[in-house]
Amino acid sequence: MTNAKLMQGNEACTLGALAAGLDFFAGYPITPSTEIAELCAEELPKIGGRFIQMEDEIGSIAAIIGASLTGRKVMTATSGPGFSLMQENLGYAGIAEVPIVIVNVQRVGPSTGQPTSPSQGDVMQSRWGTHGDHPVVVLAPGNVKECYELTFKAFNIAEQYRVPVIVLMDEVIGHMREKVILPDIATLRIVNRKEPETPAGYLPYEADDDGGVPLMARFGQGYRFHVTGLFHDDTGFPSNKSDITNRFTRRLLRKVEKAEPAIREYFTESTDDCDILVVAFGSSAMSSLSAVRKARASGIKAGLFRPKTIWPFPEDSFKELAAKAKRVIVPEMNLGQLVLEIERLVGCKAPVERLSKVNGELFKPEEILSRIMGGAK
Amino acid sequence: MSDILKYFRQNRLPHIWCPGCGHGTATGALVRAIAKLKLDKNKVVVVSGIGCSSRAPGYLDFDTLHTTHGRALAFATGIKLSRPDLKVIVLTGDGDCTAIGGNHFIHAARRNIDITTIILNNNIYGMTSGQYSPMTPKGMLGTTAPYGNVERCFDLAKLAIAAGATYVGRATTYHATLLEDLIGKALINKGFSVVEAVDQCPTYMGRKNKLGTAVDMLNWLKDRAVNVKAAAVMAPEKLEGKFLVGELYNQPEPEFTAEYMAMAEQVRRKYDNFQGGVRECGQNSD
């Protein structure tokens, strides 16, 4: 008997979280992410975990940060409007270095927008939504199985680097059903945050300036430490000293920068000899893959580069491929967000073409194929 | 004195509050109440939001969490649900609790989650230097109410009771021993407990409204406060412009985290006895 199951992206995401050790979920109902909360409400009480439906998304992210400080592995799930509400506390998790996972199943925005239609309009918000320089990691599943794998990975990254991790899905990825063969949980490598051994001499934010990750104690274990969203020194207490502010900001970002080689992940198809490189993520990449295969069948040398991690972007691998390409095409369900990264990375070495779709519908492979074949811009 | 000193992070003192500020008195009342109950320092978490009041936890020797503006109760809800065995205390101000944090306040009360919330109510935004809050009495001055506050203010105790809090008390910093007593009872109540500590801000509230020194302001608080027992036999017109102090509500009800744990226990028993299939996901945590 295999572990094959027919499941939805939102379901796979929840199972991946549980496999990683999720034991606290707080959320607020919002389409198209709600199935994640529903499944957590059902599963968590069975395993000694906790579920709470908070009064809003601000409260949801606050509650998971609180729970994470007691040592739990935590997650919340939302969509555009709720993700916007979470931004302030996302920054809090960043500066206080509290591991959390946020799933954002993107829908059409701005505002209430189109709740049941897919979009990819939150690329930049996921990186820069909260104010100030801050660390964040953004993972983008491209199919149902990856919802499981990348949510699992999100927990490991959050725990290892004490950083908020966003799983950036979209309505199609979240609601689509596919046959998935889940890995045997026993084979998965679960990462837990590093904890101090004794309260004696514990400094909650003591870390190497070069991107070090401090040891994380739990509330209620006798450490009696202080956590604040103010800039703080290694004792955890507020400090206005310019030297500390400078070093601390740099360490927070350096922490993720240093981890980039371990975090970066991508998928390619037919890129070895491609002239036309299509770059897409999430559900747009599914249509792109189909388009690239059709182009190949007609003898066109097209290839697909699909980042599974958008922030950090797999820069080096991408640059290598882009250097050989004659054209780069970026289909995305927004008016140009990921493409800004791509333009930056490609420079003037090849023309970068935007292929935007913002009518609330998924790309048809033919639309991308037509562009590959040199169709209308 | 040595009883209470051990609950302070003495190396973090002196505090940042202005001379004459009432927050030290209120924080002292909390610590005295904790000392009287001999709470285990390692099993208490104090959570705050943003504002003058919310700097208090930094001086207290517990696990302490200084969160974002208005959100202390939401962070505290996560802590308490995760670890129902911990004593969770929220220290918040009138703006933090009743304006930006109003939604979390009424929902924490509705759930009757076992969190003791102490509102240091100085009727003004002190940290940003004197704007009116939802607790500023009508007609009083603030930097954003230069012609007098035209808004009505909350009766926070009534709000808490209506929203479902199971213990509600109010005292002023003039009534410091009453305040300590009420906080003690609030800490004992297993449910959402609210103590409003009405205190003085001589720097902003006082200067702007020409209320005099800190001592004058304490007298101003005393003159307006009426004990709830005395008020019961007073004519309504005598209570105009006054507010009630004392224990205003004490009615135990099922507590949220206990209810959640009982539900989870039932679910687990049913699930563990289920013989028909394989557990699909997850692993045991606590």
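Checking the a/c ratio against 1.5 first, then a/b against b/c, what shape does the Cα gyration tensor give for the range B:1-124? It is oblate, given that a/c is not under 1.5 and a/b is not larger than b/c. Modelled spin labels at residue B:37 and residue A:128, positioned 7 Å past Cα toward Cβ, are 4.8 nm from each other. Rounded if a/c is under 1.5, else prolate if a/b is larger than b/c, else oblate: which is the range B:35-91, with a ≥ b ≥ c the root eigenvalues of its Cα gyration tensor? It comes out oblate by the Cα gyration axes.
Shown is the FRET efficiency for residue A:275 and residue A:246, computed with R0 = 51 Å from the Cβ-Cβ distance and rounded to the nearest 0.05: 0.65. Proximity of backbone amide H atoms, modeled 1.01 Å from N, is registered between residue A:24 and A:50, A:73, A:75 at under 5 Å, excluding neighbours fewer than 5 places apart on the same chain. Over the range B:145-286, the reciprocal of the mean inverse Cα-Cα separation, the Kirkwood hydrodynamic radius, stands at 18.9 Å.
Per-residue mean of foreign Cβ neighbours for A:39-50 is 6 (Cβ atoms of other chains, 10 Å radius). Normalised Debye scattering of the range B:68-162 at q = 0.10, 0.20, 0.24 Å⁻¹ gives log10 I(q)/I(0) of -0.29, -0.92, -1.19, counting only Cα atoms as equal scatterers and leaving out solvent. Across all Cα atoms of the range B:2-253, the radius of gyration (one decimal) and Dmax (whole number) stand at 16.9, 51 Å. Which residue, A:124, A:80, A:186, has the largest displacement toward the positive end of the dipole of the range A:4-187 when charges sit on each Cβ (Lys, Arg +1; Asp, Glu -1)? Sorting the options by dipole projection puts first A:186.
Between residue A:189 and residue A:296, the contour length at 0.36 nm per residue exceeds the Cα-Cα span by 34.8 nm. Of all beta bridges that DSSP places with both ends in the protein assembly as shown, some 25 percent have antiparallel geometry.
Converting phi to 3J(HN,Hα) with the Karplus coefficients 6.51, -1.76 and 1.60 and the offset θ = phi - 60°, the range B:116-124 yields 8, 10, 10, 9, 8, 9, 9, 6, 7 Hz in sequence order, with x at every glycine or proline.
Straight-distance candidates among the lysines for linking to residue A:301, with alpha-carbon spacing under 26 Å and chain neighbours fewer than 8 residues away dropped: A:319, A:324, A:326, A:349, A:357, A:364, A:377. Residue-wise HN-Hα couplings along the range A:229-237, as the Karplus relation 6.51 cos²θ - 1.76 cosθ + 1.60 with θ = phi - 60° gives them from phi, are x, 7, 4, 9, 8, 5, 7, x, 8 Hz; Gly and Pro carry x. Computed with the Debye formula from one identical point scatterer per Cα of the range A:203-326, without solvent, the log10 of I(q)/I(0) at q = 0.13 Å⁻¹ comes to -0.67. Summing +1 for each Lys or Arg and -1 for each Asp or Glu among the other residues whose beta-carbon sits under 14 angstrom from that of residue A:266 gives -4. Between A:350, B:188, A:3, the Cα set farthest toward the positive side of the dipole of the protein assembly as shown (charges on each charged residue's Cβ, about the Cα centre) is that of B:188.
Rounded to the nearest whole Hz, the Karplus-based 3J(HN,Hα) values (6.51 cos²θ - 1.76 cosθ + 1.60, θ = phi - 60°) of the range B:141-151 follow the sequence 8, x, 5, 9, 10, x, 10, x, 5, 9, 8, with x at glycine and proline. Counting 0.36 nm for each residue step from residue B:219 to residue B:235 and taking away their Cα separation leaves a gain of 3.5 nm.
Taking a ≥ b ≥ c as the square roots of the eigenvalues of the Cα gyration tensor, chain A is prolate, since a/c reaches 1.5 or more and a/b is larger than b/c. Which percentage, to the nearest 5, of the DSSP beta bridges contained in the range B:2-253 is antiparallel? Taking every DSSP beta bridge within the range B:2-253, about 20 percent pair in antiparallel fashion.
With each label point set 7 Å from Cα along the Cα-Cβ vector, what nm distance links residue A:3 and residue A:116? It is 3.4 nm.
Could you work out which residue, out of A:28, A:92, A:223, moves most in a Gaussian network model of chain A, that is, has the largest mean-square fluctuation with Cα springs under 10 Å? For chain A, modelled as a Gaussian network with Cα springs under 10 Å, the answer is A:223.
Of B:95, B:49, B:78, which has the largest mean-square fluctuation in a 10 Å C-alpha GNM of chain B? Looking only at B:95, B:49, B:78, the biggest GNM fluctuation is shown by B:78. Computed over the Cα atoms of the range A:41-167, pair by distinct pair, the Kirkwood hydrodynamic radius stands at 14.8 angstrom.
In chain B, taking the dipole from charged Cβ atoms about the Cα centre, the farthest positive-side position among B:99, B:236, B:163 is held by B:99.
Taking amide H as placed 1.01 Å from N in the peptide plane, the amide H of residue A:166 sits under 5 Å from that of A:102, A:137, A:138, A:139, each at least 5 places away or on another chain. Charge dipole of the range A:204-329 (Cα centre as origin; +1 on each Lys and Arg Cβ, -1 on each Asp and Glu Cβ, all else neutral): 540 debye, rounded to the nearest 20. Build a GNM of chain A with springs between Cα atoms under 10 Å apart, and of A:230, A:18, A:69 the one that fluctuates most is A:230. With the convex hull of its Cα atoms as the shape, the range A:266-372 has an orientation-averaged projected area of 5.8 nm².
A simple charge model with +1 on the Cβ of Lys and Arg, -1 on the Cβ of Asp and Glu and nothing else charged puts the dipole of the range A:4-187 at about 280 debye relative to its Cα centre. Residues whose amide H lies under 5 Å from that of residue A:279, counting only those 5 or more places away or on a different chain, are A:305, A:329, A:330; hydrogens are built 1.01 Å from N in the peptide plane. Relative to the current alpha-carbon distance between residue B:185 and residue B:6, full extension at 0.36 nm per residue lengthens the span by 62.3 nm. About its Cα centre, the dipole of the protein assembly as shown is roughly 420 debye, where the only charges are +1 on Lys and Arg Cβ and -1 on Asp and Glu Cβ. Adding -39500 (n - 2.57) for every DSSP H run of four residues or longer, then dividing by how many residues chain B holds, sets the calculated 222 nm ellipticity at -10000 deg cm²/dmol.
Applying the Kirkwood pairwise sum to the alpha-carbon positions of the protein assembly as shown produces a hydrodynamic radius of 26.6 angstrom. Model label sites at residue A:268 and residue A:340, defined 7 Å from Cα along the beta-carbon direction, differ in position by 2.7 nm.
Electrostatic tally near residue A:56: other residues with Cβ closer than 13 Å to its Cβ, Lys and Arg +1, Asp and Glu -1, net -2.
Since every read-out is calculated from the coordinates, none of them should be taken as a lab result. Just so you know, these numbers come straight off a predicted model, no measurement behind them. Methodologically, a virtual Cβ is constructed for each residue, glycine included, from the backbone with ideal geometry; neighbour enumeration extends over all protein chains shown.
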